[in-house]
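First the structure, in the form of structure tokens, and then the observations on it.
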Amino acid sequence: MAIHYNRENKTFTLSTKNTSYQMKVDTYGVLIHTYYGESVGDADMSYLIDLRDSGFSGNIYEAGNKRDYSLDTLPQEYSSSGVGDYRITSVSVRNPDGSDAVDLRYDSFEIVPGKYDIPGLPALYGGPEDADTLKITMKDRVTRLCAVLYYSVWEKQDIITRSVRFYNGNEKPVILKKAVSMNLDLMHGQWELMHFHGRHCMERQMERIPVMSGKMEVRSTRASSSHHHNPFAILCAPETTEMAGPCYGVGLVYSGNYSIQVEKDQMNQVRLTAGIAKELFAWQLDPGAEFCTPEAVMTFSGEGLGRLSSNFHHIVREHLCRGKYKHERRPVLINNWEATYFDFNSEKILEIAKGAADLGVEMLVLDDGWFGKRDDDTSGLGDWFVNEKKLPGGLAPLVEQVNALGLKFGLWFEPEAVSEDSDLYRAHPDWAIHIPERRPNRSRYQLILDMSRQDVRDYLYERICAILDSANIEYVKWDMNRNISDVYSTNLPKERQGEVCHRYMLGLYELLEKLETRYPDVLWEGCSGGGGRFDLGMMYYYPQIWCSDDTDALERIRIQYGTSFGYPISTVGSHVSAVPNHQTGRITPLSARGIVAMAGSFGYELDLNLLSEEEKEEVKEQIRSFKKYYNLTHEGEYYRLTNPWENQLYAAWEFVSQDQTEALICGVQMLAQPNSPSQHIPVRGLDPQKQYEINGNGQILSGRALMGGGLNFPRQEGDCMPVEFYLKEKK
Ligand code: DGJ
């Protein structure tokens, strides 16, 4: 068992292969956090707790005159609110008597084999061979509010997941105003926060900043995890590198409003919390009712950021992504969006499909514009009926012809959105989220359907099934092109309006689950104007997500670099598009666009018929190599070899097979310089004892030599020039 309770010390120790996590029930029933880091066995780590009398940090009543015992300075497992801890609260309520206090004390525990589920929410999955679960019940003895702290321990993967289940034991309703999924208190050390911010077309830009005294927050209140801040963060020591040093990673398995807060307190201790944002949230918990927080996934690595990312990559690939395409090779696709935008008909699509099939592409994806009155983005969303002016006879004849070319067929939807100029909106204006008497904020000319409504979900389910059943559709791209505002549901009473955003997510997850159960063989790709909802919550439903609307190779290097900290390559939708690039106007070689897109689930987003014969040959070669290296890139270990924020001249990354018999090192010389020094990169993850041949050219070096010496990029002229080294074990 990876979970051990020591009755004498009252400590709970969660052990994984390389880490220990410990908490302890103290004299007053407060659950204190004593340790998270390198394995320490089950030693009682509470010797580290250094109680001090600090001015203006009060003492709980039971501590009498013990002035050194204060919730305000103690490391805790799940911080209370309004009873003497002035730091970030884990929970906040409005009690039946109007007060705000929550004082959670230890009540009982249970250890069960296997992984817990969270009703209605995505979460890691696994059997008793994968994980064990600890449930600790905490109670407020006055209000009878209970919080059951769930921990699943993934021994092999060095992962701990957390979620909290609230139960109202009172005979009157209580309003939950805040309920985070996890709280981590670090007593010692200097820490830096790594977070992943950005904007549309520029998602997950990595920033690493010292944790200063006071509070920092990464969050979204857009009812979507957002382009602007990803629900994933890392705390690391200033000396932590890719290869060495301590670091903690936290990712939320949630796609709606969230907040990750970090506070350095008066004692230089650091608290990190992650969960649903408290803005736009107030959940009425009726007597006997339960509320479950989303799941938080945590890992600790004492061996740098590379190991931390690897832990996330493994757990996401094996225990979050599901379905046929969890491991099966994803087809190389061509998407018509940047080739045609809204201006297409069956002939044009078939031309694109033919050209692509000749070069080895395996699936045609028909993007926005195939339904309703949809010739631009001002109308049609919600009318999920085929536009027969563009596609005479519906989808079936087109899909049959595409299939006859040897291509699968995929289709775009944006189910959560509605255009005011649509039959759906004219029939059901109340289905769109808006506040009565107030004109709603428009974004991309569209409004959002209220996914908390059963009738909305039923309509979407019926329409999507009707379309999917009308032809052989083997892929769905589920897009979402605006963020929420004017939060209100005409379906909920006024005292429940604070529940709309979370109920929206619950409704969306329910619909996705229903559809995926009905169509288990469909490949689902998530999208939200690119990577606006690139999060662990969505990965439970889609094994890949369109990473960004920015397909420029240079920009993508930074976007994919940031993305790789928390998410595996297999989840990254990445395409080769035309030049000049539609987002930046930049011209980059096809070869560089190819090598960058191959660090993802690969495809094309242009009309391949417009390429020269030479370029077409290059595309054929790219597809061959994507297929050849698929196992390496999608199932292998991924290593970041350079940091594109520090090194603006060249970037490199590496894939190593799990058995270390082959490796692929990819790079791009981003900016050429005259008389440049050698562009040197490290090599990682090889077996030091094995011999490797480089690029099949007869040059053989041991793993030890290659990892000791690294490699030099060959000298090339020009910006954005790709580099590839393939290392194969030579026996
Ligand atoms: C945004 C997506 O990210 C694009 O790929 C494309 O599908 C458009 N929406 C279509 O409206």
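For the reader, a short list of remarks on this structure follows.
- Carbon and sulfur %, accessible surface of segment 136-213 computed with the full protein complex present, 1.4 Å: 56
- Point-charge dipole on Cβ atoms (K/R +1, D/E -1) for segment 592-678, about Cα centre, debye to 20: 80
- For peptides 570-579, 202-211, sequence by mean Cβ density within 10 Å, most packed first: 570-579, 202-211
- Share, in percent, of DSSP beta bridges within the chain that are antiparallel, nearest 5: 80
- Cα-centred dipole magnitude for the chain, charges only on beta-carbon of K, R (+1) and D, E (-1), debye, nearest 20: 920
- Between Tyr459, Ala432, Ile484, the Cα set farthest toward the positive side of the dipole of segment 412-488 (charges on each charged residue's Cβ, about the Cα centre) is that of Ile484.
- Globularity index of segment 170-257 is 1.30 (Cα radius of gyration / 2.2 N^0.38 Å, N = number of residues).
- Of all lysines in the structure, those lying under 26 Å Cα to Cα from Lys172, and not within fewer than 8 positions of it along the same chain, are Lys135, Lys139, Lys278, Lys494.
- Cα centroids of segment 489-510 and segment 333-401: 34 Å apart.
- Summed over the residues of the chain and divided among them, the accessible surface reaches 36 Å² per residue at a probe radius of 1.4 Å.
- Dipole orientation for segment 160-282: of the candidates Ile209, Leu176, Phe232, Leu176 has the Cα lying most toward the positive pole (charges on Cβ; Lys, Arg +1; Asp, Glu -1).
- Plainly put, the chain has a radius of gyration that is 0.98 times its Kirkwood radius, both from alpha-carbon atoms, as the Rg/Rh ratio.
- From most to least packed by mean Cβ count within 10 Å, the peptides 530-543, 84-97 give 530-543, 84-97.
- Separation of segment 656-671 from segment 125-154 is 41 Å, based on Cα centroids.
- Rounded to 10°, Cα long-axis angle of helix 613-628 versus longest principal axis of the chain: 40
- With the highest mean first, a sort of the peptides 672-678, 213-219 on other beta-carbon atoms found within 10 angstrom per residue produces 213-219, 672-678.
- Listed residue pairs exceeding 28 Å between alpha carbons, taken from Lys324/Lys730; Lys477/Lys628; Lys178/Lys264; Lys627/Lys731; Lys326/Lys730: Lys324/Lys730; Lys326/Lys730
- Base-10 log of normalised Debye intensity for segment 301-373 (one unit scatterer per alpha-carbon) at q = 0.19 Å⁻¹: -0.82
- For the chain, the mean residue ellipticity at 222 nm estimated from helices alone is -5500 deg cm²/dmol, where every DSSP H run of n ≥ 4 contributes -39500 (n - 2.57) and the total is divided by all residues, rounded to the nearest 500.
- For segment 624-685, the alpha-carbon coordinates run over 38, 25, 19 Å along the three principal axes, in decreasing order.
- In degrees, nearest ten, helix 553-564 long axis to first principal axis of the chain (Cα): 30
- For a 4.7 Å threshold on C-beta separation, the list of partnerless cysteines in the chain reads Cys146, Cys201, Cys292, Cys321, Cys465, Cys501, Cys527, Cys547, Cys666, Cys720.
- Magnitude of the charge dipole, segment 317-446, Cβ model with Lys/Arg +1 and Asp/Glu -1, debye to 20: 480
- Share of carbon and sulfur in the accessible area of segment 261-390 stands at 47%, probe radius 1.4 Å.
The values are calculated or read from the model by the stated rules, or taken from the named source; none is laboratory data. As the structure is a prediction and not an experimental result, all values here were calculated from the model. Note that each Cβ is placed from the backbone with ideal geometry, even for glycine, and that neighbours are counted across all protein chains shown. The accessibility values were calculated without ligands, DNA or RNA, using every heavy atom of the protein model including side chains. Shrake-Rupley method; radii C 1.70, N 1.55, O 1.52, S 1.80 Å.
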